[in-house]
Amino acid sequence: MVALVLLVIAAIIFGPFLFGPKLLLYKDIGSDSVNDDYPTFAHLSDYIRTVGAPSWSFQVGLGQSIFSLASLLLFDPVAWLPKAMIPGALVWQHLLKVLIVGFLFFRFLEFRGLNFRSSLAGALLLSFSVYMCFGSCWSVAANEVVGFTFLLFAVELAISRRLWFCLPFAVGLLGLLSVFHLYLCAILLCLYVPVRLVELCGWRIQPLWQTGSRLAAGALLGVGLAGITAIDGTFAMLNSPRGSGTASYVATLSSHAVFGLESSLHYVTAVLRLFSADMLGTGNDFQGWNNYFEAPAHYCGLLCLILLPQVFVRATRRQRVLYCIILGFLVVPVVFPWFRYLFWAFQGDYYRVFSLFSVFGLVTLSVTALWQYIERKSFNPWLLAATLLVVLGVLWFPFNGMPSLIVPGIRKAAALFLIAYAALLTAGHFWKRQSFFAWLILGLCAVELICFDRVAVGDRPIITKKELQERVGYNDYTVDAIRDIKHDDPSFFRVSKLYSSGLAMHQSLNDAMIFGYFGTSEYTSFNNLNYIKFLMAVDVISPSPSETDTRWVTGVLGDPLLSTFACEKYILTKSPVPFQLDSTYEFLKRYGNIYLFRNNLFVPLGLAYPRFISEASFLELPTAAKRRALLDVVVLSEKDLPAAVGPSPKHHDIQQS
């Protein structure tokens, strides 16, 4: 029944994607679905068919290891499909994740002793929370919900049923996402396990130590299981600008005052996004703090706001202390951003997984209150009335200078749902029909989630199935050009594609992964550090790049000397005139509005140089001289100079050549 309810609600929310013209490929702020996720899945699909297990790929930047992407074959099974089937299968993949999350969280709540209706409510609230909805656009978010929900399920199974076998696999699964997720896993375990053990066993040290030690051992075993890909992922992370500190927020964020405050817009966003993810706008129309994805995303149903205070009614002193600890973990990092920076190890100024952990806490406490209501253990109608007045007051509070930011229709709908929840809870209490009214509350909850989630996933610019068949986007004439190039030339070379094929608002830099050629551009969170250093050394990017500069890397596109050095043999452009006037390039063929040229100065991969220059000397050269020098001398680091054999040119020799 749980699966059926989840499927029915999901089918209504994602109906236009399942049965209509839409695809889970977003053109707005969710452009990662077009520029990152889809190219990665398509590349993996081609790679496992033509090469085998993910290892090394020249279609990523200048070339780097993709072994860590092997985990996506487990988390995102669409990568196993033929490339052409992937866009339409994305929605089915997300529905599968919704079912997994809902079932695991349902069982987690049952292990905690909750009844069927309250456990079902928890499954609905988490499966259709805003963070899970974001997973339909940013696949990593859905993967995180699956991984951390499985972790909670495994921990509760070990604590309440003494069954330990799931825990190592849950930890290992998170390790497959990235080594940083093992750190986040440790945070969740360090918060949930002590609180749960104290809730069950009191403050006695011995049972806490015994059970905690076993759980720690199981978690360490999981770290070992994840080591297969975690080692490569760790290496890739540490050898990236963000991991090495070349372009990191650590210095900036760690210097923030511990009890310093954020902007007023931040606090308004944090409060109003408890009512709906779209209270301050949807997608590009979002007018809150930061951006639509990385702003506070705590919405998990308005039922949580109404029921949360009820969990304290008739709770024991120990339970109240524990509940306050949980709420303190949720509130303090919102009020004082330094603690949120600490949560992220000072690597970023956003919410993301912290929002997910907040959702876990809010939903668990709220459905615990619902369980107590159904079982007639505790309910305070006066507290409910006060809660309703407070949340309505917050919802309609005239925030200074910000009322125009709020979407009126969503605010009115939220107010009506809140009043309806309060009315049903009160009616069930006074008529002594809590069990019956619990079903009505579940139905209202489903209606609310459908209404709000359809806005979050559907009311945005989206690529349609029709566009996928037209000669636009990733189906433009580049397909024909690359096919002919690969058919006529089996040698190793790079293609400089001087236009973006993606249909999203941001430039698509992973086109090589989609079309299957070797390029130099790349968009990823952890670009290879040596590649970034090379681009810094030849003045393509700033010597002190921002974190954004190291993710959105255009490579050596548009620079003839650097492109030639990087083995460029073919040019694809929509502006042919400069190349027609340059004798270096030979026109080959036109494909629609795309022109193909060949670089007559092509040099192969792997050159032998009779001369060398030190890295320090190279960095002192003017920009133009650097680019000429790359074709004349090899640049050696200081540690490699003693082993070098051969003449080394003077600075003026390079500049005059």
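The values are calculated or read from the model by the stated rules, or taken from the named source; none is laboratory data. Bear in mind the structure is a predicted one, so any value in this text is a computation, not a measurement. A quick note on method: Cβ atoms are made from the backbone with ideal geometry, for glycine too, and the neighbour counts reach across all protein chains shown. Heavy atoms of the whole protein, side chains included, go into the accessibility calculation; ligands, DNA and RNA do not. Shrake-Rupley method; radii C 1.70, N 1.55, O 1.52, S 1.80 Å.
Rolling a 1.4 angstrom probe over the protein heavy atoms with all chains in place gives region 30-166 an accessible area of 29 Å² per residue.
Do the sum for the chain: with -39,500 (n - 2.57) for every DSSP H run of n ≥ 4, divided by all residues, what is the mean residue ellipticity at 222 nm, to the nearest 500 deg cm²/dmol? My calculation for the chain gives -17000 deg cm²/dmol from helical runs alone. For region 8-25, 3J(HN,Hα) computed residue by residue from phi via the Karplus equation (6.51, -1.76, 1.60; θ = phi - 60°) reads 5, 5, 5, 5, 6, 5, 9, x, x, 8, 6, 10, x, x, 8, 10, 7, 10 Hz, glycine and proline entered as x. Among the listed pairs 27/626; 27/83; 97/466; 97/574; 83/497; 465/486, a Cα-Cα separation exceeding 30 Å is found for 27/626; 97/574. On a per residue basis, the convex hull of the C-alpha atoms belonging to region 74-211 measures out at 113 Å³. Using alpha carbons only, the radius of gyration of region 181-323 set against its Kirkwood radius gives Rg/Rh = 1.05.
Ranked by the mean number of other Cβ atoms within 10 Å per residue, highest first, peptides 66-79, 98-111 order as 98-111, 66-79. If you wrap the tightest convex hull around every Cα atom of region 501-572 and split its volume per residue, you get 104 Å³. Once the gyration tensor of the Cα atoms in the chain is diagonalised, the equivalent ellipsoid follows with semi-axes of 51, 28, 23 Å, ordered largest first.
Working from label points 7 Å from Cα in the Cα-to-Cβ sense, the residue 472 to residue 8 distance is 3.8 nm. At a 1.4 Å probe radius, carbon and sulfur cover how many percent of the accessible area of region 349-411? Carbon and sulfur together cover 68 percent of it. Working from the Cα coordinates of region 170-214, the gyration tensor eigenvalues give, after taking √(5λ), semi-axes of 25, 10, 7 Å in decreasing order.
Surface composition of region 485-576: carbon and sulfur atoms hold 54% of the protein heavy-atom accessible area at a 1.4 Å probe.
Globularity index of region 7-120 is 1.31 (Cα radius of gyration / 2.2 N^0.38 Å, N = number of residues). Could you point to the residue in 616, 235, 396 farthest towards the positive end of the chain's charge dipole, with +1 and -1 charges on the Cβ of Lys/Arg and Asp/Glu respectively? Farthest towards the positive end: 396.
Proximity of backbone amide H atoms, modeled 1.01 Å from N, is registered between residue 570 and 494, 496, 599 at under 5 Å, excluding neighbours fewer than 5 places apart on the same chain.
Residues whose amide H lies under 5 Å from that of residue 25, counting only those 5 or more places away or on a different chain, are 463; hydrogens are built 1.01 Å from N in the peptide plane. Surface composition of region 280-338: carbon and sulfur atoms hold 58% of the protein heavy-atom accessible area at a 1.4 Å probe.
Over region 152-196, the ratio between the Cα radius of gyration and 2.2 N^0.38 Å evaluates to 1.12. The mean sequence distance of close C-alpha pairs (under 8 Å, at least 6 residues apart), as a share of the length of region 192-343, puts its relative contact order at 24 percent. For the residues 153, 336, a 1.4 Å probe over the protein chains yields an accessible-area ranking, largest first, of 336, 153. Taking a temperature of 4 °C and a viscosity of 1.567 mPa s, what whole-number D in µm²/s does Stokes-Einstein yield for region 403-489 with Rh from Kirkwood over alpha carbon pairs? In µm²/s, the coefficient rounds to 73. Amide H to amide H distances under 5 Å link residue 636 with 613, 614, 615, where only residues 5 or more positions off or on other chains count and H is placed in the peptide plane. With the charge dipole of the chain set up from +1 on Lys and Arg Cβ and -1 on Asp and Glu Cβ about the Cα centre, the Cα lying farthest toward the positive end among the listed residues 524, 209, 13 is that of 209. Counted residue by residue at 0.36 nm each, then reduced by the alpha carbon distance between them, the extension gain from residue 183 to residue 162 reaches 5.1 nm.
Scoring 565-574, 471-480 by mean Cβ neighbours within 10 Å over their residues and listing the highest first yields 565-574, 471-480. Solvent-accessible area per residue in region 540-594 equals 48 Å², computed with a 1.4 angstrom probe and all protein chains kept. Descending by average beta-carbon neighbour count within 10 Å, the peptides 52-59, 284-291, 496-503, 393-400 line up as 496-503, 284-291, 52-59, 393-400, the highest first.
For region 457-473, 3J(HN,Hα) computed residue by residue from phi via the Karplus equation (6.51, -1.76, 1.60; θ = phi - 60°) reads 9, x, 8, 8, x, 9, 6, 9, 5, 5, 4, 5, 8, 7, 7, 9, x Hz, glycine and proline entered as x. Can you tell me the relative contact order of region 1-77? Whole percent, Cα pairs under 8 Å, sequence separation 6 or more. Relative CO of region 1-77 lands at 12 percent. 3J(HN,Hα) along region 209-224, derived from phi through the Karplus expression 6.51 cos²θ - 1.76 cosθ + 1.60 where θ = phi - 60°, amounts to 5, 5, 5, x, 5, 5, 5, 5, 5, x, 5, 5, 4, x, 4, x Hz, with x in place of Gly and Pro. Where both bridge residues fall in the chain, DSSP classifies roughly 70% of the beta bridges as antiparallel.
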